[in-house]
1. Tell me which of these residue 157 doesn't satisfy, since it passes every other one: (1) touching a helix residue (DSSP H, G or I) at 6+ places or on another chain (Cβ under 9 Å); (2) modelled with pLDDT of 80 or more; (3) surrounded by fewer than 13 Cβ atoms within 10 Å (Cβ to Cβ).
2. Out of all the residues in the stretch 104-125, which are closer than 17 Å to residue 56 by Cβ and either outside any loop (DSSP other than H, G, I, E, B) or without any contact (Cβ under 8 Å) to a residue 12 or more places away in the chain (or both)?
3. Failed condition for residue 114, given (1) in contact with a helix residue (DSSP H, G or I) (Cβ under 9 Å, 6 or more places away or on another chain); (2) surrounded by 11 or more Cβ atoms within 10 Å (Cβ to Cβ); (3) within 29 Å of residue 36 (Cα to Cα), with all others met?
4. Considering every residue within the stretch 3-14, establish whether at least one is more than 20 Å from residue 95 (Cα to Cα), at pLDDT 90 or above and part of a strand (DSSP E or B).
5. Looking at this structure, is residue 162 modelled with pLDDT under 75 and out of contact with any helix residue (DSSP H, G or I) (no Cβ under 8 Å at 6 or more places or on another chain)?
6. Are any residues in the stretch 52-101 outside any loop (DSSP other than H, G, I, E, B), modelled with pLDDT of 95 or more and within 30 Å of residue 10 (Cβ to Cβ), and if so, which ones?
7. If you check residue 16 against the conditions, is it touching a helix residue (DSSP H, G or I) at 6+ places or on another chain (Cβ under 7 Å) and without any contact (Cβ under 8 Å) to a residue 40 or more places away in the chain?
8. Does the stretch 165-183 hold any residues that are modelled with pLDDT under 85, more than 30 Å from residue 61 (Cα to Cα) and touching a strand residue (DSSP E or B) at 6+ places or on another chain (Cβ under 9 Å), and which are they?
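The values are calculated or read from the model by the stated rules, or taken from the named source; none is laboratory data. For clarity, every value in this text was computed on a predicted model and none was experimentally measured. Note that we place each Cβ from the backbone using ideal geometry, even for glycine, and neighbour counts take in every protein chain shown.
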């Protein structure tokens, strides 16, 4: 998820600027913020959700039908295992657009926690969900106030098939804020190690 977040920041400087502004304000008011203060950053939360909506960390989750049902005219017997392909869930004219502000204007079914199913929900929710979100918020908070994601240096491919969207060969260049020195950050995949 962090890889894709840095990719978005490097390719969408408007999003990076908005996120940096929100983080800079909090860091100026609280040089050593608590997690609750970091957790209160609305745009950071929306950016993380949007990153995972567009580049889901897991590409599929499995559900079991607890009863006989019909969905869009298709009969599904009880106990049928359903593969839910997370990348196929987002729909609408702007589904491919990266827009963290969309999370501020969700209504109706879109605002249901079950509409955003990256970590699954209910009794089968990912056991690591809370820890993953805490870690990514703190890491992004530190990176964004220290570095600027400048560019993606070269073409990359996405590992397929895979349970997660893993970019192979992606390089995101970072520049330390207040410095002109570029730092190259290469994302390594297990096959390359």
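1. Checking residue 157 against (1) touching a helix residue (DSSP H, G or I) at 6+ places or on another chain (Cβ under 9 Å); (2) modelled with pLDDT of 80 or more; (3) surrounded by fewer than 13 Cβ atoms within 10 Å (Cβ to Cβ), the one that fails is (1).
2. First pass over the stretch 104-125, keeping only residues closer than 17 Å to residue 56 by Cβ: 110, 113-121, 124-125.
Once the filter is applied, which keeps residues that are closer than 17 Å to residue 56 by Cβ and either outside any loop (DSSP other than H, G, I, E, B) or without any contact (Cβ under 8 Å) to a residue 12 or more places away in the chain (or both), the stretch 104-125 yields 110, 113, 114, 121, 124, 125.
3. Only one criterion in (1) in contact with a helix residue (DSSP H, G or I) (Cβ under 9 Å, 6 or more places away or on another chain); (2) surrounded by 11 or more Cβ atoms within 10 Å (Cβ to Cβ); (3) within 29 Å of residue 36 (Cα to Cα) is unmet by residue 114, namely (2).
4. no
5. Numbers: modelled with pLDDT under 75: yes; out of contact with any helix residue (DSSP H, G or I) (no Cβ under 8 Å at 6 or more places or on another chain): yes.
Yes; evaluated as a whole, the condition is true for this residue.
6. Once the filter is applied, which keeps residues that are outside any loop (DSSP other than H, G, I, E, B), modelled with pLDDT of 95 or more and within 30 Å of residue 10 (Cβ to Cβ), the stretch 52-101 yields 100, 101.
7. Details: touching a helix residue (DSSP H, G or I) at 6+ places or on another chain (Cβ under 7 Å): yes; without any contact (Cβ under 8 Å) to a residue 40 or more places away in the chain: no.
Answer is no for this residue.
8. Correct list: 181, 182, 183.
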